[in-house]
Amino acid sequence: MKKQYETSSFASASLMRAVDFVFQPKRGHASSPPPSDLTGKVVVSSLGGLGDLLVQMPLIEALHQRYGAQVALRPEHLPLAKILGWAAFPFQSPATLFFKAGVGEALRLVGKLWHERKAAGRPDWWVDLTGNAVNNVLIHFLVGTHLAASGLRGGGGLTDLELPETLADSAYLRMEKIAGFLGVEPLNPRILRERLGRAEAHGKIVLVLSTPCRWRNWPLPYFAALTRQFPQEQFILSGFTHELQTTPPGELDAILALPNVHSRLDNTDLSGFVHLLAGARAIVTPDTAATHLAFRLDIPGVALFGPVNSRLWFPAGGGLVLLKNEDCPYFPCVQWHCRRPADWCMNRLHPDLAAQTLRTVLES
């Protein structure tokens with residue numbers, strides 16, 4: 001029976017399977033007890049997207065406090081570490097750079113990491129919370145330390161400690177399991193909110209117009225229709241116009257022309273967005289990092305899910321209300337391509353339903 005991997009991509013699964021074939025996973029590995037203490041120099045890394053980092057944030061904070069762990073993050077995520085007071089350093093995964101800048105830049109980064117592997121002082125433990133086959137290989141050989149990481153994305157045979165995760169677990173439940181496994185208590189969410197919440201006080205409703213995956217986006221005319229139903233409210237637009245480049249001309253202009261809409265498109269860095277959202281009255285957003293940040297900040301609103309499995313990624317239990325459409329034979333999909341664009345799932349989340357839901361949120 002073939003091992004199941006946490007991916008919907010055939011190419012990714014093939015790579016993970018190849019790495020596991022070369023570096024055979026250790027049987028019984030996941031149930032091995034953790035060390036009583038992660039002694040020595042500890043590094044914890046979150047090398048995935050911003051949404052992953054926000055889900056993992058309380059666990060990283062707990063490891064930072066308990067073990068004095070340094071935090072390795074993608075360079076663009078370092079402002080969040082500064083807000084939280086983590087001892088952080090940039091660590092760009094060559095796997096990420098391969099998709100962003102091509103094989104040449106990725107190989108140059110591998111060479112740089114190899115050259116610098118001893119300069120910073122080798123850690124005794126490296127805990128990678130967004131482990132995958134490629135990163136497990138790179139950390140194992142370039143950093144040369146004890147590695148604690150997941151095997152759900154391949155590379156389990158390279159780990160000294162395989163973190164206890166299953167495909168059925170939600171992203172948030174996984175963090176609770178790993179915290180117990182490593183002997184730490186995730187930080188109280190209230191304390192995190194206090195640290196994150198230096199608000200840009202404005203009391204407006206934040207509309208997140210874009211995600212890097214265009215098939216997660218809600219149609220722009222739907223945002224306009226929603227906004228027109230609340231003429232008494234003030235809205236702030238957030239997102240990036242380059243992620244909207246395939247939209248028909250005029251759709252964005254129709255939203256920007258509304259008198260109660262204020263644009264912060266392309267004009268908010270990560271720190272600025274944290275403070276912007278902390279001062280919001282509510283949020284309307286597709287499935288993106290903003291969903292997890294709103295949950296951490298206890299901001300109510302409406303979360304719009306289509307291609308992504310909300311059971312695994314929606315942060316249930318806060319003030320966000322989930323609207324979803326999973327009525328597609330290809331659900332859940334990889335989001336980079338839609339095989340039924342004429343019947344796009346996000347197109348079926350009608351703005352009247354979103355407006356009704358938002359009205360309930362604002363009145364509660």
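The values are calculated or read from the model by the stated rules, or taken from the named source; none is laboratory data. Everything numeric here is computed off the predicted structure, so don't read it as measured data. Backbone-built Cβ (ideal geometry, glycine too); neighbour counts: all protein chains shown.
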Residue list for the stretch 125-148, filter: in a loop (DSSP other than H, G, I, E, B) and farther than 17 Å from GLU6 by Cβ: GLY144, THR145
GLY151 - would you say it is without any contact (Cβ under 8 Å) to a residue 40 or more places away in the chain and part of a loop (DSSP other than H, G, I, E, B)? no
Checking ARG190 against (1) within 20 Å of ALA342 (Cα to Cα); (2) of a type outside the set (A, V, I, L, M); (3) not in a loop (DSSP other than H, G, I, E, B), the condition it does not meet: (1)
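Residue by residue, here is whether (1) within 30 Å of HIS337 (Cβ to Cβ); (2) over 25 Å from the mean Cα position of the chain (by Cα); (3) not basic (Lys, Arg) holds:
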| residue | (1), (2), (3) |
| --- | --- |
| LEU209 | yes, no, yes |
| ARG214 | yes, no, no |
| LEU220 | yes, no, yes |
| GLU233 | no, yes, yes |
| LEU237 | yes, no, yes |
| GLU243 | yes, no, yes |
| LEU256 | yes, yes, yes |
| SER263 | yes, no, yes |
| GLY272 | no, no, yes |
Select from the stretch 308-333 the residues that are crowded, with 17+ Cβ neighbours inside 10 Å and in a loop (DSSP other than H, G, I, E, B) and list them in ascending order. VAL308, PHE314, PRO315, GLY318, ASN325, CYS328, PRO332, CYS333
Quick check on my filter: what residues within the stretch 245-286 are closer than 15 Å to PRO219 by Cβ, touching a strand residue (DSSP E or B) at 6+ places or on another chain (Cβ under 8 Å) and either surrounded by fewer than 17 Cβ atoms within 10 Å (Cβ to Cβ) or hydroxyl-bearing (Ser, Thr, Tyr) (or both)? THR285
Test LEU358 against the criterion of being surrounded by 15 or more Cβ atoms within 10 Å (Cβ to Cβ), assigned to a strand (DSSP E or B) and either in contact with a strand residue (DSSP E or B) (Cβ under 7 Å, 6 or more places away or on another chain) or modelled with pLDDT under 90 (or both), and give yes or no. no
Looking at the stretch 144-170 only, could you name the residues that are farther than 22 Å from VAL184 by Cβ, surrounded by fewer than 21 Cβ atoms within 10 Å (Cβ to Cβ) and touching a Leu at 6+ places or on another chain (Cβ under 8 Å)? LEU167
Considering only the stretch 316-331, I want to know if a residue exists there that is within 24 Å of ILE283 (Cα to Cα), touching a Phe, Trp or Tyr at 6+ places or on another chain (Cβ under 6 Å) and touching a residue at least 40 places away in the same chain (Cβ under 8 Å). no
I'm checking my understanding of the structure. Among residues of the stretch 171-226 that are of a type in the set (Ser, Thr, Tyr) and out of contact with any Asp or Glu (no Cβ under 8 Å at 6 or more places or on another chain), which one is surrounded by the fewest Cβ atoms within 10 Å (Cβ to Cβ)? TYR172
